[in-house]
Amino acid sequence: MGDQLHDACGVVGVYRPGGEASRIAFFGIFSLQHRGQESAGIATFDDSHREHLHRGNGLVAGVFNEYDLENLPGELAIGHTRYSTTGITSVENSQPIRVSGPNGTIFVAHNGNIVNSVALREELEEKGVRFLTTSDSEVAAFLLAYSPGLTWEDRIKSFMTRAQGAYSFTILTDEAVYGVRDPHGFRPLCYGELDGGWIIASETCALDNVGGLLVREIEPGEILKISSEGIATTQGIVKQKQFCIFENIYFSRPDSILNGGRVYSNREKMGAQLFRESHVPADIVTAIPDSAIPASIGYANESGLPYRETLIKNRNSGRTFIEPTQALREAGVRAKYTPLVENIKGKKVILIDDSVVRGTTTRQVIKLLRTAGAKEIHLRVSSPPIKFSCHYGVDMPNPDELIASNRTLIDIQKELGVDSLAYLEMQGLKQSVNGSSDSYCDACFTGNYPVPVQLELGKMVFESPKK
Ligand code: SF4
């Protein structure tokens, strides 16, 4: 893995009267490509209750062609794009996952991480379930398939009493699509109207991109059903809002709406707050592109300093996590950004980044700016220091690899090679997002995990041979 954080996945669910739901699902997951680039898949049920599935490794546009979409008929579809948080990268671990149980076959698309999946898997294995993959999502899918209840709503409610952690699901049966969000609502999920039908998606940008009309975000603990019978909703379990605050900082697309607020505006507010908390005299404000741009514009507007682009990102640099050595990682950064020397030379620069993980990318970017002639570089980070790992669906390094986990501010400043360094205070961050401050998970900054986690449980938990 490189120096960037990866969100687990993007999910979509569609009911489209007249058919071709898979085409909407395709454009939906295409819009959610930023949430996962390892694999993609779409499952459908047609009018004759026959199932269809196509999935593979790679980007959405590479996994599907016209022929593949023609062979995914039906009014009901779910789609998924994946970055793995549990399990290796393989076609078997790609989603939607197909499972069969006493109540028939279902397909499941999952964004999140089930933190008690080891215990649940052992329990299901004792009942005779044979697992085909190494992902916690398959555990979730089988638990759903084997949960008791007369209806799928009942079974999902039963599932919710057993599974702990983060899950935003779309679930496909031969009669309906369900959108389900865990009681904390760690990962986003919303729904909208489209062509007389409905679409469920991880982010509102997916609705916008297919011409859908946002109705609202799905509530934590809510079960939403879409089908030819219309739309039905029920509260499956008591909600305890703990939205992932990192969705606002980095993961979600800036044009998406989270908890009622536009992500772009929230990032601008973070930048403005960063100015109020930690400004030093400078000539320009600039950003490490792309995700830090809104925060740097917010900082520039609040400070009255000009915002200048100083780094042009190679838009084809794409995924950077096949980087086996430090030397190649550093070369990767040089291939990714080109400095605009005339905007940098002789300038005192306020450099905005949205987060610093290991510090590898940030350090290299600072070297590039120094080489281009920056007089001073003052790094301002629009989030607090990341000190702990995420166990709710974001792929983060172990704490000992995080630059801020056991270093002082001065140590980090020296390590990164900047003239000054400041992070956004937690209070300032929470003032910049919508809703009450206690409705957000901030565990990767504070270590206050809203759902107990086994800290030793890693991504490859099911890959190790049993002792
Ligand atoms: Fe989000 Fe951090 Fe909480 Fe994970 S630990 S859900 S990344 S805020």
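Observations on the model:
- Among the candidates GLY112, GLY185, GLY149, the residue that is part of a loop (DSSP other than H, G, I, E, B) and within 16 Å of the ligand (Cβ to nearest atom) is uniquely GLY185.
- Looking across region 34-64, the residues that are in a loop (DSSP other than H, G, I, E, B), closer than 26 Å to SER228 by Cα and among the acidic types (Asp, Glu) come down to ASP46, ASP47.
- Against the test of being hydrophobic (A, V, I, L, M, F, W, C), within 30 Å of SER147 (Cα to Cα) and in contact with a helix residue (DSSP H, G or I) (Cβ under 9 Å, 6 or more places away or on another chain), the options CYS190, CYS205 yield a single qualifying residue, CYS190.
- Taking region 378-461 as the region of interest, the helices (runs of 4 or more DSSP H) fully inside it that hold 1 or more residues being touching a helix residue (DSSP H, G or I) at 6+ places or on another chain (Cβ under 7 Å) and more than 10 Å from the ligand (Cβ to nearest atom) are 409-416, 426-432.
- Strands (runs of 3 or more DSSP E) (entirely within region 203-321) containing at least 1 residues that are hydrophobic (A, V, I, L, M, F, W, C), crowded, with 20+ Cβ neighbours inside 10 Å and more than 16 Å from the chain's Cα centre (by Cα): 222-227, 284-287, 311-313
- Here ILE156 meets each of (1) buried (at least 19 other Cβ atoms within 10 Å of the Cβ); (2) part of a strand (DSSP E or B); (3) modelled with pLDDT of 95 or more with one exception, condition (2).
- Taking (1) buried (at least 24 other Cβ atoms within 10 Å of the Cβ); (2) within 16 Å of the ligand (Cβ to nearest atom); (3) not aliphatic (A, V, I, L, M) in turn, TRP198 satisfies each apart from (2).
- Only one entry in LEU224, LEU213 is in the same structural domain as ILE106 (by TED's automatic domain parsing), more than 16 Å from the ligand (Cβ to nearest atom), touching a residue at least 40 places away in the same chain (Cβ under 8 Å) and closer than 22 Å to ALA21 by Cβ, namely LEU224.
- The residue that is modelled with the highest pLDDT, among those in region 5-33 that are within 27 Å of GLU401 (Cα to Cα) and in contact with a Phe, Trp or Tyr (Cβ under 8 Å, 6 or more places away or on another chain), is CYS9.
- Looking only at residues of region 227-258 that are within 16 Å of the ligand (Cβ to nearest atom) and β-branched (Val, Ile, Thr), we find that the one that is farthest from ILE288 (Cα to Cα) is ILE245.
- Meets criteria (within 16 Å of the ligand (Cβ to nearest atom), in a strand (DSSP E or B), closer than 30 Å to GLY435 by Cα and in contact with a helix residue (DSSP H, G or I) (Cβ under 9 Å, 6 or more places away or on another chain)) for TYR178: no
The values are calculated or read from the model by the stated rules, or taken from the named source; none is laboratory data. This is a predicted model, so every value here is computed, not measured. Neighbour counts are summed over all protein chains in view; Cβ atoms, including those assigned to glycine, are modelled from backbone coordinates with ideal geometry.
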